[in-house]
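K.L.:
Quick one: the structure is below, and I'll ask about it shortly.
The values are calculated or read from the model by the stated rules, or taken from the named source; none is laboratory data. Remember, predicted model here, so these are calculated numbers, not experimental data. All Cβ positions, even for glycine, are placed from backbone atoms using ideal geometry, and neighbour counts span all protein chains on display.
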Amino acid sequence: MGGGEKELVTEKHEQDKTASFWKGAKSAQELKNLSSGRTPSGKLRFQIRKALVLSDAEYGRYLNGELFQPKFYLATEKESLRYDTKLGVWNCLLLVGESSRDGILVGFLPGVELPFLSYVPDHRELELPKGLPVEMEMGAVSTNLDQAVNGVVDAVAHYTSFVGLELRSPASSLHFAAYDPAANILTVLEQGGPNDYMQFKGTPEEIAQTFHFSGKLKKVFFDLRYRNISHGSRFVKEKRERVPPKERNGDGR
């Protein structure tokens, strides 16, 4: 199953989008060439079930590497990203970089190890479904997906949107657990191991200083027009079932 088209097509009279998917493309350039329309094929309907945001560096390595090689951050999605043979629809993951305009749709066939891919020249044309799950991976801290960058200046909406965000690093993860708009206080959990985490409370400025926010993270954290759209923190989802964490000494409230 495969094919190539110059670009994704959305019919004006229906909401279904169509694209062609390829297996075994060794590089982004090959995938682009396959998608140029030189190779005849049909387009198939697709639905985006999740977005995965990589750091720009990791996304660049992925595009410049061997696309056909299985990646661990894609393998975990295989069961939910299957081609629906009854409906004739690809259930897809949208893979993007933090600031990339392009992206890649990823889907799987039952019993096939390699992913099927479709190149997206501009992910802003996809009209992502409202409430789409978005996950940050491999050092990503922000995204330029439409839902994140089209807000108005609103501090409460901005910082409330961070609740549920998990920022991962090789040594630890930072979970945004709660925001009290009346006091302007964020509650975050720093996770060092499966059952090792500490709680810290502070203003956005105190949180940023304590955890050394810099670069893109610092920029979006203080951009009151930005809305975080990644809410995949397991700790936040399960916090009511967990034992109250230790509270960090020092500047925490």
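K.L.:
Name every residue in segment 113-139 that is at pLDDT 90 or above and within 11 Å of residue 230 (Cα to Cα), in order of residue number.
P.N.:
Those that are at pLDDT 90 or above and within 11 Å of residue 230 (Cα to Cα): 132, 133, 134, 135, 136.
K.L.:
Please determine whether any residue of segment 221-239 is hydroxyl-bearing (Ser, Thr, Tyr) and either modelled with pLDDT under 85 or outside any loop (DSSP other than H, G, I, E, B) (or both).
P.N.:
No: segment 221-239 contains no residue that is hydroxyl-bearing (Ser, Thr, Tyr) and either modelled with pLDDT under 85 or outside any loop (DSSP other than H, G, I, E, B) (or both).
K.L.:
Output yes when any residue across segment 78-98 is closer than 26 Å to residue 150 by Cα, in contact (Cβ under 8 Å) with a residue 60 or more places away in the chain and of a type outside the set (A, V, I, L, M, F, W, C), and no when none is.
P.N.:
yes
K.L.:
How many residues does segment 55-89 hold that are of a type in the set (A, V, I, L, M, F, W, C) and surrounded by 15 or more Cβ atoms within 10 Å (Cβ to Cβ)? It would help to see each step written out before you state the result.
P.N.:
Kept after step one, since they are of a type in the set (A, V, I, L, M, F, W, C), are these residues of segment 55-89: 57, 63, 67-68, 72, 74-75, 81, 87, 89.
Now drop any that are not surrounded by 15 or more Cβ atoms within 10 Å (Cβ to Cβ), which leaves 63, 67-68, 74, 81, 89.
Total satisfying the criteria: 6.
K.L.:
Checking residue 143 against (1) more than 24 Å from residue 26 (Cβ to Cβ); (2) at pLDDT below 90, only one condition comes out false. Which one?
P.N.:
Of everything listed in (1) more than 24 Å from residue 26 (Cβ to Cβ); (2) at pLDDT below 90, residue 143 misses just condition (2).
K.L.:
Go through the residues of segment 190-208 one by one and say whether even a single one is modelled with pLDDT of 95 or more, under 19 Å from the mean Cα position of the chain (by Cα) and within 21 Å of residue 151 (Cα to Cα).
P.N.:
Scanning segment 190-208 turns up no residue that is modelled with pLDDT of 95 or more, under 19 Å from the mean Cα position of the chain (by Cα) and within 21 Å of residue 151 (Cα to Cα).
K.L.:
I'd like to verify a number: residues in segment 140-162 that are in contact with a strand residue (DSSP E or B) (Cβ under 9 Å, 6 or more places away or on another chain), part of a helix (DSSP H, G or I), closer than 16 Å to residue 231 by Cα and not small (Gly, Ala, Ser), how many?
P.N.:
3
K.L.:
Among (1) modelled with pLDDT of 90 or more; (2) surrounded by fewer than 13 Cβ atoms within 10 Å (Cβ to Cβ), where does residue 46 come up short?
P.N.:
So the condition that residue 46 fails would be (2).
K.L.:
Filtering segment 104-118 down to residues that are β-branched (Val, Ile, Thr) and in a strand (DSSP E or B), which residue is nearest to residue 59 (Cα to Cα)? Outline the logic, then answer.
P.N.:
Within segment 104-118, the first condition is being β-branched (Val, Ile, Thr), and the residues that meet it are 104, 106, 112.
Going one step further and asking which of them are in a strand (DSSP E or B), we end up with 104, 106.
Details: 104: 10, 106: 14 Å.
The selected residue is 104.
K.L.:
Follow-up question, since we're still on this one. Suppose the filter is touching a residue at least 40 places away in the same chain (Cβ under 8 Å), surrounded by fewer than 14 Cβ atoms within 10 Å (Cβ to Cβ) and within 30 Å of residue 87 (Cβ to Cβ); does residue 115 pass it? Break it down stepwise before answering.
P.N.:
Working: touching a residue at least 40 places away in the same chain (Cβ under 8 Å): yes; surrounded by fewer than 14 Cβ atoms within 10 Å (Cβ to Cβ): no; within 30 Å of residue 87 (Cβ to Cβ): yes.
Judged against the criteria, residue 115 is not a match.
K.L.:
Which one is nearest to residue 141 (Cα to Cα), of the residues in segment 163-207 that are outside any strand (DSSP E or B) and in contact with a Ser or Thr (Cβ under 9 Å, 6 or more places away or on another chain)?
P.N.:
Ranking the candidates gives 165 first.
K.L.:
Now a separate question. Quick check on my filter: what residues within segment 57-103 are farther than 20 Å from residue 232 by Cβ and either assigned to a strand (DSSP E or B) or among the charged types (D, E, K, R) (or both)?
P.N.:
61, 66, 82, 83, 84, 86, 89, 90, 101, 102, listed by residue number.
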